[in-house]
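Scroll down for the structure; my scribbles are underneath it.
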Amino acid sequence: MISAVPRSDVKLVRFPLVSYIEDAKEMSHLDLKHHWLGQSQDQRQYQGALLRVEHCNLRFVTRDSFFPSRREYLQATNDVSFEIVEGETFGLVGESGSGKSTIARAITGLYPPDSGQIWFEGIELTAIKTEQERRPLRRQMQMVFQNPYSSLNPRMRVEDIIAEPIRFHRLAGSEAQTRGIVADLLDYVGLGRAAGVKFPHEFSGGQRQRISIARALATRPRLLICDEPTSALDVSVQAQILNLLKDLQDELRLTMLFISHDLPVIRQMCDRIGVMKKGTLVEVAPTEQLFTQAADPYSRSLISLMPEFKGMSREGLDISDVAAGQN
């Protein structure tokens, strides 16, 4: 268990796993060059970053009134700007309530920003007014939510949960093809196609998060937004899910926005990191630069509070030896 805790002092290729866990399975290897899952749709040509957030401001009404002057607001994001290039994992880190998830929801269109612009594939999302125009872009951006126990419909079987976005966006030619895609996705995330006939309550938290990932992959997205996807899981299952996300990015060439308050996890997963404080993005830097030479005092303060597990051992082995054996 100790060996599965994310390292805070060095970046590893993969997370060490607790070997006895029954569902620690390898992904089914598909020939993605010829499989449906590897044939992304709507590959638009664009210049610059895949995603750009420019001067995004979003506030919520905390006290409503008929008179505008008497209304009170909470400034959830304050002039936030960053970009994500195709193929990278960009992290957003900060305390609870710092605006990380609000930014994710603004990108996906759940929260329209009060001002600012959001660009995806060179198209300004904030200028789109109709759902018909937004739908082709929406399937290129999918989200894995924090709580695997509340993000799945308990009344639907797993195969229908995963098939729902395929049917909604009409991505398959027939119902038989849809069922085949769902079975392959379940194999791909390490659950096995027999899981499709079960209901979400029959699975553990880690297995439910695998179902959520399979559902997110069902639209063949270019951008995967992970909003604290492992915060509700224990460290051994967390290691499995994070390794799965690493493998998916490598094989499917995914671009990821990874949101977390867990700095060791962010260090292991991300290429660049943005630090949020009370709705403001105070710093953006490459991962190792941030952890070794953070420019902002708030970033340095967060990093100084990270727990360190260096020197702890399991059965006489230092964690670094256990981690090295997993690479």
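The values are calculated or read from the model by the stated rules, or taken from the named source; none is laboratory data. These figures come from a predicted structure and were not determined experimentally. Glycine also receives a Cβ, built like all others from the backbone with ideal geometry; neighbour counts cover every protein chain displayed.
Every test in (1) surrounded by fewer than 22 Cβ atoms within 10 Å (Cβ to Cβ); (2) assigned to a strand (DSSP E or B) is passed by Gln132 save one, and that test is (2).
Counting the residues of the stretch 192-215 that are surrounded by fewer than 19 Cβ atoms within 10 Å (Cβ to Cβ), of a type outside the set (A, V, I, L, M, F, W, C) and more than 12 Å from Pro148 (Cα to Cα) gives 4.
Take Arg179 and decide whether it is without any contact (Cβ under 8 Å) to a residue 24 or more places away in the chain, surrounded by fewer than 19 Cβ atoms within 10 Å (Cβ to Cβ) and not β-branched (Val, Ile, Thr). Judged against the criteria, Arg179 is a match. If you go through the stretch 37-88 and keep only what is over 17 Å from Gln140 (Cβ atoms), touching a Phe, Trp or Tyr at 6+ places or on another chain (Cβ under 8 Å) and of a type outside the set (A, V, I, L, M), you end up with Glu54, Arg59, Phe60, Thr62, Tyr73, Phe82.
Within the stretch 107-136, the only residue that satisfies the criterion of being hydrophobic (A, V, I, L, M, F, W, C), touching a strand residue (DSSP E or B) at 6+ places or on another chain (Cβ under 7 Å) and without any contact (Cβ under 8 Å) to a residue 40 or more places away in the chain is Leu125. Which of the following residues is surrounded by fewer than 19 Cβ atoms within 10 Å (Cβ to Cβ), closer than 27 Å to Gln268 by Cα and of a type in the set (Phe, Trp, Tyr): Tyr149, Tyr73? Going through Tyr149, Tyr73 in turn, just one is surrounded by fewer than 19 Cβ atoms within 10 Å (Cβ to Cβ), closer than 27 Å to Gln268 by Cα and of a type in the set (Phe, Trp, Tyr): Tyr149.
Surrounded by 19 or more Cβ atoms within 10 Å (Cβ to Cβ), farther than 19 Å from Pro229 by Cα and β-branched (Val, Ile, Thr): is that true of Ile123 in this structure? No.
With respect to Val189, determine if the residue is aliphatic (A, V, I, L, M), at pLDDT below 90 and either at positive phi or crowded, with 19+ Cβ neighbours inside 10 Å (or both). Here the answer is yes, as Val189 does meet what is asked. From the list Glu54, Glu86, the one residue that fits, being closer than 27 Å to Pro229 by Cβ, part of a loop (DSSP other than H, G, I, E, B) and at pLDDT 90 or above, is Glu86. On the basis of being exposed (fewer than 15 other Cβ atoms within 10 Å of the Cβ) and hydrophobic (A, V, I, L, M, F, W, C), does Phe90 make the cut? Here the answer is no, as Phe90 does not meet what is asked. Of the residues making up the stretch 171-203, those that are assigned to a loop (DSSP other than H, G, I, E, B) and within 19 Å of Gly38 (Cβ to Cβ) number 5.
Remark: pairs (first residue in the stretch 159-172, in contact (Cβ under 8 Å) with a residue 40 or more places away in the chain and closer than 13 Å to Arg138 by Cα; second residue outside any helix (DSSP H, G or I) and of a type in the set (Lys, Arg); Cβ separation under 8 Å; 6+ apart in sequence or on different chains) = Pro165/Arg139; His169/Arg139.
Counting only residues that are of a type in the set (Gly, Ala, Ser) and closer than 18 Å to Asp234 by Cβ, the stretch 184-218 holds 5 of them. Leu110 meets the conditions (1) under 20 Å from the mean Cα position of the chain (by Cα); (2) closer than 30 Å to Leu185 by Cα; (3) among the hydrophobic types (A, V, I, L, M, F, W, C); (4) surrounded by 12 or more Cβ atoms within 10 Å (Cβ to Cβ) in every case but one. The failed one is (4). Considering every residue within the stretch 70-82, establish whether at least one is assigned to a helix (DSSP H, G or I) and either of a type outside the set (D, E, K, R) or more than 22 Å from the chain's Cα centre (by Cα) (or both). Looking through the stretch 70-82, at least one residue is assigned to a helix (DSSP H, G or I) and either of a type outside the set (D, E, K, R) or more than 22 Å from the chain's Cα centre (by Cα) (or both).
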